[in-house]
Structures are given as structure tokens and as C-alpha cells.
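A short worksheet on the structure shown next.
The values are calculated or read from the model by the stated rules, or taken from the named source; none is laboratory data. Note that the structure is a prediction, hence the values are computed from the model and not measured. Heads up, the Cβs are rebuilt from the backbone with ideal geometry, glycines too, and the neighbour counts pull from every protein chain shown. Calculation scope for accessible area: heavy atoms of the full protein, side chains included, ligands and nucleic acids excluded. Shrake-Rupley method; radii C 1.70, N 1.55, O 1.52, S 1.80 Å.
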Amino acid sequence: MTTKPEILDRALDVLRAGDALTLDAVARAVGITKPGVVHHFPTKDRLSVAVVDHLLDHWETELMHRAGPDPDAVTRLRAYVEFALLNELDPADLAVLADSRLRPDLAVLADSRLRPELAARWSERMSEWFGDSDRPNIVAARLVADGAWIDRCLGMLDLDEDHRRAVVDVTLGLVGDGPTAEGLGAEGADS
């Protein structure tokens, strides 16, 4: 019997191929019937939520590998910056977040009924990694990494690895040596 992770991996393959995420498309990619997919994911909405969680699970595994055991907030941010700039990135990641006005057939978040749930889920999972700091240097580092991730998925600015490493160094320089895990929070931030 096909497992949920196998179905979710094939769902990402559907997005990588530039196809719409539908129960039928995923069933074809897995090589099972649509009822076989529906057994695990009764609706496209449930499949969409599961795809986002599956993607975040992959990210979290990679970030944990980079950050090591019990990382502080700076180490978690460093892991994300390095991931976004140095890791091989998957264009399927971007399809999950695609703007429905650009490609409604590909955007998992296009459905306005699901957008609040998926955005909250994404924010909650990312918040575990980055906290809710409002410190400008921390926000800037996060925005650089977010932008690099989107840019690299789209293939807009093709920088070689040496240039990407230099950007990592500049970005991590924004964080500096001062902040601790507690210092990354909004409370008591002195700058």
C-alpha cells in the first residue's frame, strides 16, 4: 500500500513538473487510483495542507542538520541564511506559495478558503525557527534569506557559489556576535 509520504513526494513532483495540484494528477504520478489518494487525503484542501507540512518537514530536517543539536536563535538564523543561499533549492517550494494571480493552476495557496490556514501554519512553523524579533538587523537578515530563497527558486540572479558565500558573510555580519537566543526576541531589544 502506498504511504502518505510517498503520495506527498509525488505531489511535489506534480508541482515540479508545472502541473496543477489535483487529486487526479497526484494519483497519476503515484500510479494509483484517485480513491487511493482520497483514502489518505479526502479533499484537495487536505492534500494541499499536507503538502505544505511535508515541505516544511523537509526544510526543518535540513535546517536541523545545519544548526546541530539545541541551536540558539542566532544559530537557527545562520542555518536558514546558509540554506537559502547555499543549498540546492527546489522550484516546487515556490509553487506552494505561488501568487494565484500569476498561476492560479499552480498555487496551493490560491484558494482563499485555505490561505489563512496555510499562512498561519507556515508562520507558526517558521516562527519556531526565527522567533518574533523586531530588531532591524535580525529582520534584515531574515528578509535577505527569504529573498534569496525566492530568487534562487525562480533562477532570476544566477550567482556562483563564491558570490553566494560572500552574501552569506555579509548577511551574517548583520546579526553580529551580540544577540543571544533571548536577545533575538522583541522584548528588551536594544537595537
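Condition check: open to solvent by less than 10 Å² (accessible area, probe 1.4 Å) and on the phi < 0 side of the Ramachandran plot. Does Leu63 satisfy that? So Leu63 passes the test.
Being assigned to a helix (DSSP H, G or I), in contact (Cβ under 8 Å) with a residue 40 or more places away in the chain and open to solvent by 20 Å² or more (accessible area, probe 1.4 Å) is the filter here; which residues of the stretch 10-43 pass it? Asp13, Arg16 - these are the residues of the stretch 10-43 that are assigned to a helix (DSSP H, G or I), in contact (Cβ under 8 Å) with a residue 40 or more places away in the chain and open to solvent by 20 Å² or more (accessible area, probe 1.4 Å). Being within 30 Å of Val139 (Cβ to Cβ), part of a helix (DSSP H, G or I) and charged (D, E, K, R) is a description that applies to Arg76.
Just one of the numbered conditions (1) open to solvent by 30 Å² or more (accessible area, probe 1.4 Å); (2) closer than 23 Å to Cys153 by Cα is not true of Ser48: (1).
For every residue, the table says whether it meets (1) at pLDDT 90 or above; (2) among the aliphatic types (A, V, I, L, M); (3) in contact with a strand residue (DSSP E or B) (Cβ under 8 Å, 6 or more places away or on another chain).
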| residue | (1), (2), (3) |
| --- | --- |
| Leu8 | yes, yes, no |
| Ala27 | yes, yes, no |
| Gly31 | yes, no, no |
| Gly68 | yes, no, no |
| Asn87 | no, no, no |
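Restricting attention to the stretch 98-116, which residues are assigned to a helix (DSSP H, G or I), out of contact with any helix residue (DSSP H, G or I) (no Cβ under 6 Å at 6 or more places or on another chain) and at pLDDT 55 or above? The answer is Pro116, and nothing else. Can you tell me how many residues in the stretch 73-92 are open to solvent by less than 10 Å² (accessible area, probe 1.4 Å) and under 17 Å from Val51 (Cβ atoms)? Summing the residues that are open to solvent by less than 10 Å² (accessible area, probe 1.4 Å) and under 17 Å from Val51 (Cβ atoms) in the stretch 73-92 gives 1.
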